[in-house]
Amino acid sequence: MKSKQFVVIGLGRFGSSIAKTLYSLGHEVLAIDKDEEVVQDISEYVTHAVQADATDEATLKSLGIRNFDIAVVTIGSDVQSSVLVTLLVKELGVKYVIAKAQNELHAKVLYKIGADRVVFPERDMGVRVAHNLCSSNILDYIELSPDYSIMEVTALEEWENKTLKELNLRTRYGINIMAIKRDNDINISPSAEDVIKKGDVLVVIGGTDDIKNIEMQRM
């Protein structure tokens, strides 16, 4: 798995959730916020945590923002700061910038100034966004509890043309297959003899740690 470098700017509940999840998945995470207390709280859950004003271009430069693969701007209700920081990180050379929007108008502005993706906290849990960011084979992710999750995953190449019985995913990965999606068809409660084909999407349920093992397979 190739580790990526993320910078998360704004450590409210949404930003903190993204930062912690990315770090737990083995990536380097720089977390930035103006609030010293918030920075201290998250420091042990990320690679580096810094108290800084991200609207200051010189500060961002000094932190080496240009060296990060992805920036996640999750500044709270201050739309002006959100827009300014998004613009700055893009201009400083971060290739992929994700920004949190308060509403559709805010989103439109963020896209206009170069945001590659805009998310809405009400529609996108921080944990789900983090998993989608760092795994190409995760299509959707639902955290049922800190220990238990459901996700949709495209079949790994090594699973193709094998039955569920042959794959024995429960023993190998600690997961159960709830359904198989193929084109427009959904096979609910598939049998042990069902064969996985290329492009199949599996809906699986299992322990969060077990699911992480699958995420690592194609990264």
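Listing for the model above:
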read-out: Matching residues in the range 187-202 - criterion: being surrounded by 12 or more Cβ atoms within 10 Å (Cβ to Cβ) and either of a type outside the set (A, V, I, L, M) or modelled with pLDDT under 85 (or both); value: 187, 190, 194, 197, 200
read-out: Residue in the range 64-82 that is in contact with a Ser or Thr (Cβ under 6 Å, 6 or more places away or on another chain) and within 30 Å of residue 212 (Cα to Cα) present; value: yes
read-out: Flag if residue 90 is under 30 Å from residue 214 (Cα atoms), free of Cβ contacts under 8 Å to residues at least 60 places away in the same chain and not assigned by the TED database to the domain that holds residue 133; value: no
read-out: Matching option when the condition is in contact with a helix residue (DSSP H, G or I) (Cβ under 8 Å, 6 or more places away or on another chain) and either touching a residue at least 12 places away in the same chain (Cβ under 8 Å) or not assigned by the TED database to the domain that holds residue 134 (or both), among 71, 58, 107; value: 71
read-out: Helices (runs of 4 or more DSSP H) enclosed by the range 1-70 - at least 3 residues per element that are surrounded by fewer than 21 Cβ atoms within 10 Å (Cβ to Cβ) and at pLDDT 95 or above; value: 36-42, 57-62
read-out: Single match in 141, 173 (criterion: in contact with a Lys or Arg (Cβ under 6 Å, 6 or more places away or on another chain) and modelled with pLDDT under 90); value: 141
read-out: Hey, residue 148 modelled with pLDDT under 90, aromatic (Phe, Trp, Tyr) and over 26 Å from residue 98 (Cβ atoms) or not; value: yes
read-out: Residue satisfying condition, being under 30 Å from residue 21 (Cα atoms) and touching a Ser or Thr at 6+ places or on another chain (Cβ under 9 Å), within set 171, 208; value: 208
read-out: Count of residues meeting criterion [over 14 Å from residue 160 (Cα atoms) and touching a residue at least 24 places away in the same chain (Cβ under 8 Å)] in the range 182-202; value: 3
read-out: Number of the exception - residue 82 against (1) among the small types (Gly, Ala, Ser); (2) touching a strand residue (DSSP E or B) at 6+ places or on another chain (Cβ under 8 Å); (3) within 23 Å of residue 216 (Cα to Cα); value: (3)
read-out: Out of 180, 98, sole residue that is in the same structural domain as residue 29 (by the TED database) and either within 12 Å of residue 200 (Cβ to Cβ) or at pLDDT 80 or above (or both); value: 98
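The values are calculated or read from the model by the stated rules, or taken from the named source; none is laboratory data. Because the structure is predicted, anything quoted here is derived from the model rather than measured. Quick reminder, even Gly has a Cβ in these numbers, built from the backbone with ideal geometry, and neighbours come from all protein chains shown.
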